[in-house]
Structures are given as C-alpha cells and as structure tokens.
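To start, the structure itself, in structure tokens.
The values are calculated or read from the model by the stated rules, or taken from the named source; none is laboratory data. Because the structure is predicted, anything quoted here is derived from the model rather than measured. Here Cβ is always computed from backbone atoms with ideal geometry, including for glycine, and neighbour counts include all displayed protein chains.
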Amino acid sequence: MQIIYTAKYLLSGDAPPLEKGALLDSGGQISAVGPLAELKRRNPGVRVIDYGDGLIVPVLVNAHTHLELTDYPAWAEQVGETEEPKDFVDWILRLIRVKRPLSKQSFHDSLANGIVQSIAAGTGAIGDILSHYPSRTAYQGVPLLGTIYLESLGQDPGVIQRVKQGLKTVLREQQVGSLDLGVSPHSPYSISGNYMASLYKLAKDENLFCCTHLAESPEEVEFIEKSRGALISKLYPMIGWESLIPRAAGCNPTEYLAGKGGLFPKNLLVHGVQLSDAEIGLIAKNRMSLALCPRSNARLKVGKPPVAALRKAGVHLALGTDSLASNDSLSIWDEMAFAQRWLGDQVDAPSLFQMATQGGAAALGLEKQIGSLAEGKHSSFQVLQPKEPVTIEELADYLVAPGRTAEIVQVFHQGRALRSGLHS
C-alpha cells in the first residue's frame, strides 16, 4: 500500500526546506521525496494525506538516555530525597540512595514509561543505558531503533567475574525488539581498568556498539589524574570500595581510555564537558561520536562542553537527554531549545537540528535507515502543527525554539502512525 504525505513544509534533512513538499510511503519505506504536484503526477490514484499548515520532519534521535530512570522524580519524592544535590558527587550519592530500595518491577515499569514518553516526543531511535538487565523485556514489540547499552561497572574482581558472566549471557540475544544489544563500561571512575579494557576488547571482537561516559565532571578528571577528590572521599566509602581505590593514572580521561583500548569509532562517548584541545584531537582522529547532554550538564553544574572546538575539529556530535534523574523531559526538541540558549554562539540552529537527526543516526549506526527523509530510508517522520504561522526563512530558528514538543500531532515509525491526528 502506498500513501503520499504532504504539508506546508517538508524538511528532509538532506536539502533545503521544500514548500508543499511530500513523501511517498511504500510499505514503511520512502519511495520518493519531492514537490506534491510531482509525486501526484508520477503516482496517479495514490491516496494523499495532507497536513495543511503543518511541517513534516524526520524523527529525532536521543543518542544518550537512561530510560529505566524515567520514574526517578517520583521515587525520590517517596523516600524524601527532595533537596537539589550540591554538586555532581552529591547527585550520585542521592541516586544510589533512591535506587537501593526499588523492586525489579519498578525498573521495568519506569523503562516502559520512558519508551512511551520518548515516542510521544517524536523520537525514532535511542542509545539507552540499561543497568537492570531483566527490564529489557519492556522493549519487545517497540518500534524504536537504536542500541541498548548494557551497563557494567565494579572494582572488586570477584564481583566483576559474576557480572561479566551475566553480561555475556544477555549479549547472546543480540537484539531485543528492534534494538541491538551493546555494552557500556560506565566511566573510568566506576569500573576497574582491567575490566574496562576487557569490555572494549569484547566489543571489538564481537563487533558490538559501545558507550562510555567521559570527562563529565571536574571530579572525574581529578580522580583519573591524581586519584583523589570527592569521588574517593565520598562515593567509594558509601559503596564499600575503600580498599579498591586505583592508583593515579597521571593523564587526562581520553588518554586513559586510549590506554584501555577505548578509542574506536563504535564507542560512543557521552558528555565530554572537561575535554582539552588535545583530547578533542584524539577523539576526532579516531572518528568517534560524542553525545552532548546540555540540560543534564547544567543541572549537575559540571560546566559547558567545548562545542565550538569539537565542531572545528570535526568530531561527530549528537544530542541526548540523559535521564530524568538530571533532566525535566525526554524530548530532544526540548534539548535543542535549551542548547540554543545555553551554548550561545558555539552552535547555530541548523547544526543543532543536524545533531538531533543525522548526527544521532550516525552515532548509533543508523544513518542508512533514519536521520533524514530520503528514498530508500525508513518512512519514519513526525508532523508538527505550529500555533503561529512560520515562514520558510524562519524555519531554522523555529525548530530550536521552546514549545515544539507540544506541537507534535503525529509520529510515524516505518509508515505506522502512532498518534491520533490524521486528516485527509
């Protein structure tokens, strides 16, 4: 079955906005993109669904999130953890306290809630960090694409051996629903160097996608370089790791990762707030992608990522929401709007939209399927209905302004409509 979808504007992502543009969906795949009149002429008799003054744009990509923490605000309130953390380490301690009493079902339900919220926000693919592996069943039958990164951490060799075996057992499944399974050595401060190196080797040997939090906070940099600071004095005692403090590496976070074999294209880095120019050069040289999470960085007071330097070096950039433990929504539209204001002249509106679409798709290895609206790609797109008229010259700024999430009237995944609002 074929259907032509059209609106006042179509933004393919590969070309300038097309006024009265249209796409031809053929069984969940895009067969053609072009002016409505042309597609109607070439496909007589095909049904046309017209969204009037709306916009047709690609689905967005949330390259970094923790959907299992979607219900975190309610959990925190239930246990009386309502005060804002003072800093990054206090936030981690609070997160641990809130999670400790939770049931297995709580994580599963929270993840399912996050999936629903993501789809409603126009998201088509995710890079989701999952620490509670049994909750992965929530992804069965879900249309989202991307990777579920199975998180792993630990310093104790005995515990690591058990965790590693459980990880390998789950990885044999390869996929859950439409998502691939990958690995995530959490961060240099939360996992032993030997275990981190073994996970990178596993990822390379098995051709798995990988994800690592890197250079998020000043505390992390101090931990790696000097083996001191709040992560050691406050976090390690809380989790019983006092006797497992690693020796100072005497280098920056990116050099540390390099020493563990962690600089390779399929290892998606996250945050990168504390990166030096030399580190940025290393990341670019190794053709790696970096997922930026501006709202989380601002909430945790860790600083602003060096976006201008990253762009100049040619680092592939994407956007992520992180989790609702450090953010207000799972909408990449909201992330773009905040980034536009917070990052200022480090990045322009078209570049932000590119990060949220093609940049995210490339970071997750999905550039041949989504990220833009082009012949041969999935018929995955969303329709926005602006509350006020928008001219073609205003589109770039409109897309990164606040309020876009509320203007979504329909989301399609591979030709399947997932929200109400169709009219012909």
Checklist outcome for this item: In the set Gly365, Gly415, Gly371, the lone residue that is at pLDDT 95 or above and surrounded by 24 or more Cβ atoms within 10 Å (Cβ to Cβ) is Gly371
Checklist entry - Going by the structure shown, is Glu19 farther than 24 Å from Leu395 by Cβ and among the acidic types (Asp, Glu)? => result no
Item to check | All positions within the range 1-39 that are charged (D, E, K, R), assigned to a strand (DSSP E or B) and surrounded by fewer than 17 Cβ atoms within 10 Å (Cβ to Cβ) | outcome: Glu19
Checklist entry - Before we move on, is Ala112 in a helix (DSSP H, G or I), touching a residue at least 12 places away in the same chain (Cβ under 8 Å) and of a type outside the set (Phe, Trp, Tyr)? => result yes
Next on the checklist: For the range 261-292, give me the residue count where each residue is within 22 Å of Leu60 (Cα to Cα), buried (at least 22 other Cβ atoms within 10 Å of the Cβ) and not hydrophobic (A, V, I, L, M, F, W, C).
Outcome noted: 4
Next on the checklist: Which count do you get for residues in the range 236-257 that are in a helix (DSSP H, G or I) and more than 26 Å from the chain's Cα centre (by Cα)?
Outcome noted: 6
Checklist outcome for this item: Going through the range 49-103 in order, the residues found to be among the β-branched types (Val, Ile, Thr) and either assigned to a helix (DSSP H, G or I) or loosely packed, with under 15 Cβ neighbours inside 10 Å (or both) are Val79, Thr82, Val89, Ile92, Ile96, Val98
Checklist entry - Do we have any residue at all in the range 243-259 that's loosely packed, with under 15 Cβ neighbours inside 10 Å, of a type in the set (A, V, I, L, M) and under 27 Å from Lys168 (Cβ atoms)? => result yes
Checklist entry - Across the range 115-143, what is the number of residues that are surrounded by fewer than 22 Cβ atoms within 10 Å (Cβ to Cβ), in contact (Cβ under 8 Å) with a residue 40 or more places away in the chain and not in a helix (DSSP H, G or I)? => result 3
Item to check | From Glu388, Glu393, residue being surrounded by fewer than 17 Cβ atoms within 10 Å (Cβ to Cβ), more than 22 Å from the chain's Cα centre (by Cα), of a type outside the set (S, T, N, Q) and not in a loop (DSSP other than H, G, I, E, B) | outcome: Glu393
Checklist entry - Scanning for something outside any loop (DSSP other than H, G, I, E, B), modelled with pLDDT under 95 and out of contact with any strand residue (DSSP E or B) (no Cβ under 6 Å at 6 or more places or on another chain), does the range 167-189 turn up at least one residue? => result yes
Next on the checklist: Go through the range 24-67 and report how many residues are of a type in the set (A, V, I, L, M), within 22 Å of Met1 (Cβ to Cβ) and touching a Ser or Thr at 6+ places or on another chain (Cβ under 7 Å).
Outcome noted: 7
Item to check | Residue check, Ala309 of a type in the set (Gly, Ala, Ser), part of a helix (DSSP H, G or I) and over 17 Å from Glu220 (Cβ atoms) | outcome: yes
Checklist outcome for this item: Conditions (1) crowded, with 23+ Cβ neighbours inside 10 Å; (2) out of contact with any Ser or Thr (no Cβ under 8 Å at 6 or more places or on another chain); (3) assigned by TED's automatic domain parsing to the domain that holds Lys99; (4) of a type in the set (Ser, Thr, Tyr) -> Ser380 fails only (3)
Next on the checklist: Checking the conditions here, which among Ser217, Ser276 is among the polar types (S, T, N, Q) and under 19 Å from Ser184 (Cβ atoms)?
Outcome noted: Ser217
Checklist entry - From the list Ser118, Ser106, Ser131, which one is among the hydroxyl-bearing types (Ser, Thr, Tyr) and within 30 Å of Val57 (Cα to Cα)? => result Ser118
Checklist outcome for this item: Only one of Ser276, Ser198 is over 27 Å from Ala339 (Cα atoms) and either modelled with pLDDT of 95 or more or in the same structural domain as Lys168 (by TED's automatic domain parsing) (or both), namely Ser198
Checklist entry - Of the numbered conditions (1) more than 30 Å from Asn113 (Cβ to Cβ); (2) basic (Lys, Arg); (3) surrounded by 18 or more Cβ atoms within 10 Å (Cβ to Cβ), Arg295 satisfies every one except a single condition; which is it? => result (1)
Checklist outcome for this item: Per the filter on the range 376-398, residues in contact with a strand residue (DSSP E or B) (Cβ under 8 Å, 6 or more places away or on another chain) and more than 15 Å from Val57 (Cα to Cα) are Gly376
